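Student: Right, I'll just put the structure down here and ask away after.
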Amino acid sequence: MIDKYHFIKGGAERYFFELKRVLERHGHEVIPFAMQHPDNFPSAWSEHFVSNIEYNGHAGLRRLTAAPRIFGRMLYSTEAKARVERLVDQVKPDLVHLHMIDHQISPSILHVFQRHGIPVLQTCHQYKLVCPSYRLLVMRENRICEKCVNGCFYHAVLERCHKDSLAASAMVAAESYLHKWMKIYDVIRLFHVPSRFLGEKLLQSGVAAQRVWQQFYTIEMADFPYSPDSEDYFVYYGRLSEEKGILTLLRAMQKVKTSKLLIIGDGPQRPVLEQFAATHGLANVEFLGNRGARGLVTLVGRAKFVVVPSEWYDNSPLVIYESFSLGKPVIATRLGGMPELITDGLNGRLFDAKDDVTLTQLIHALLRDETKLKEMSRAARATAEREFDPEVHYQRIHAVYQRLLH
């Protein structure tokens, strides 16, 4: 199983380690391959990992001198290919499950698996196959963009999508064009998409329907125990950045005078959000910063509900998985894969992105109706048990593995 990081950097790695754990619990041997990194979890296989390369933090002359090495690694890493070749020769895997491989590893490793006749499945955690900058979002304008979905990757340069940089955007566009020309991703037998929405984008890009399989992620539900009781507050938790829509939530809070909103997490937009709350006298909004896993579960477990006001195509946010496992209804936007998780009126509520008026109404409605809130709490937990439970997930993904092997 392959991911660029062998530590919990984000949702992709969360799923990587959750899946690894459930597979090993069922007796499978899971051999990791990743990039060497000081934060990596220990692994008996780390000597095979590709060398570390830093994409951020270079400045001035260092950035110029590092650029050729970085660009070469992005396009086609011969080092990663050679290291994977040695690992395959040693362990002779039955199947390869990819996660995030772009940039730090590159798809060069696919040619190894092709030569050895090893079936490959990839979980698509972001929109990289249809968007050079991953997110179908022009970050500097907080604007959704689908111009590259049909393979016209030059739009990434015109829009300066990647890091608001012409050079960086040109690099990722060239990367996408080269890999498309090489048809290197044709080696992958099956793309696992956590949302139908992401799957539809792959289909629009020309991927055949029989190569796309939708299945939600899994989480260790014991880490997020059912907590039906609540105190008088609700929460947003996650990264504090513009595309997360937290400013819309604060605008809604201008007309919510009962209860309290706790904002858990940190990020680049925090000063702007705190200033807005102070300027508009939002005394019932509290910024708590990061609280760690245990503190987070305790705080969310005592909340009435969770708000996910994203203004970009969130694929299948684990915030919703965790909230449902805790028995917390979720108010979220009708974007990306979120409407596939939330049945409006059953386990949560949906609203249009940036619509603070409707969001205010939904918050008021849930705060007023304790009976409905309890019904939605039970429905949220039932959704988690039916769709996210590790044993359920194992049965479904094991069946897919068997299909690829036979």
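The values are calculated or read from the model by the stated rules, or taken from the named source; none is laboratory data. Since this is a predicted model, take the numbers as computed values, not measurements. Glycine gets a Cβ as well: all are built from the backbone with ideal geometry, and neighbour counts include every protein chain shown.
Student: Which residues, counting only those in the range 137-191, are more than 23 Å from Gly72 (Cα to Cα), in contact (Cβ under 8 Å) with a residue 60 or more places away in the chain and not basic (Lys, Arg)?
Tutor: Leu137, Met139, Asn142, Ile144, Leu190, Phe191
Student: Then there's this: Out of (1) surrounded by 23 or more Cβ atoms within 10 Å (Cβ to Cβ); (2) more than 19 Å from the chain's Cα centre (by Cα), what's the single condition that is false for Ser325?
Tutor: Status for Ser325: all satisfied but (2).
Student: Between Tyr134, Tyr127, which is touching a residue at least 60 places away in the same chain (Cβ under 8 Å) and of a type in the set (Ser, Thr, Tyr)?
Tutor: Tyr127
Student: Of all residues in the range 323-334, which are in contact with a strand residue (DSSP E or B) (Cβ under 8 Å, 6 or more places away or on another chain), part of a loop (DSSP other than H, G, I, E, B) and touching a residue at least 60 places away in the same chain (Cβ under 8 Å)?
Tutor: Lys328
Student: Leu346: free of Cβ contacts under 8 Å to residues at least 40 places away in the same chain, among the aliphatic types (A, V, I, L, M) and in a loop (DSSP other than H, G, I, E, B), yes or no?
Tutor: Yes.
Student: Taking the options Arg140, Arg115, name whichever one is under 23 Å from Asp314 (Cβ atoms) and surrounded by fewer than 19 Cβ atoms within 10 Å (Cβ to Cβ).
Tutor: Arg140
Student: Here is a follow-up. Could you please give the count of residues in the range 281-322 that are more than 17 Å from the chain's Cα centre (by Cα) and part of a helix (DSSP H, G or I)?
Tutor: 10
Student: Determine, yes or no, whether Arg294 is at pLDDT below 95 and in the same structural domain as Arg381 (by TED's automatic domain parsing).
Tutor: Yes; evaluated as a whole, the condition is true for this residue.
Student: From the residues in the range 367-382 that are surrounded by 21 or more Cβ atoms within 10 Å (Cβ to Cβ) and either touching a helix residue (DSSP H, G or I) at 6+ places or on another chain (Cβ under 7 Å) or of a type in the set (Ser, Thr, Tyr) (or both), which one is nearest to Ile342 (Cα to Cα)?
Tutor: In this case the residue turns out to be Ala380.
For every residue, the table says whether it meets (1) under 24 Å from Ile342 (Cβ atoms); (2) modelled with pLDDT of 95 or more; (3) hydrophobic (A, V, I, L, M, F, W, C); (4) in a helix (DSSP H, G or I).
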{"residue": "Ala222", "(1), (2), (3), (4)": "yes, yes, yes, yes"}
{"residue": "Glu231", "(1), (2), (3), (4)": "yes, yes, no, no"}
{"residue": "Arg239", "(1), (2), (3), (4)": "yes, yes, no, no"}
{"residue": "Lys257", "(1), (2), (3), (4)": "no, no, no, no"}
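Student: Restricting attention to the range 174-189, and to residues there that are at negative phi and basic (Lys, Arg), which single residue is surrounded by the most Cβ atoms within 10 Å (Cβ to Cβ)?
Tutor: Once the filter is applied, the top-ranked residue is Arg189.
Student: Output the residues belonging to the range 352-382 that are under 24 Å from Glu322 (Cβ atoms), out of contact with any strand residue (DSSP E or B) (no Cβ under 9 Å at 6 or more places or on another chain) and part of a helix (DSSP H, G or I).
Tutor: Matches in the range 352-382: Glu370, Lys372, Leu373, Lys374, Glu375, Ser377, Arg378, Arg381, Ala382.
Student: Among what's in the range 86-112 and is within 23 Å of Ile70 (Cα to Cα), among the β-branched types (Val, Ile, Thr) and under 21 Å from the mean Cα position of the chain (by Cα), pick the residue that is surrounded by the most Cβ atoms within 10 Å (Cβ to Cβ).
Tutor: Among residues in the range 86-112 that are within 23 Å of Ile70 (Cα to Cα), among the β-branched types (Val, Ile, Thr) and under 21 Å from the mean Cα position of the chain (by Cα), the one surrounded by the most Cβ atoms within 10 Å (Cβ to Cβ) is Ile105.
Student: Where residues in the range 377-392 are touching a Phe, Trp or Tyr at 6+ places or on another chain (Cβ under 8 Å) and not charged (D, E, K, R), which of them is nearest to Leu23 (Cα to Cα)?
Tutor: Only one residue fits best here, namely Phe388.
Student: Quick one: count up the residues across the range 383-406 that are assigned to a helix (DSSP H, G or I) and in contact (Cβ under 8 Å) with a residue 12 or more places away in the chain.
Tutor: Residues that pass the stated criteria total 16.
Student: Being closer than 18 Å to Met253 by Cα and among the small types (Gly, Ala, Ser), is that true of even one residue in the range 346-361?
Tutor: yes
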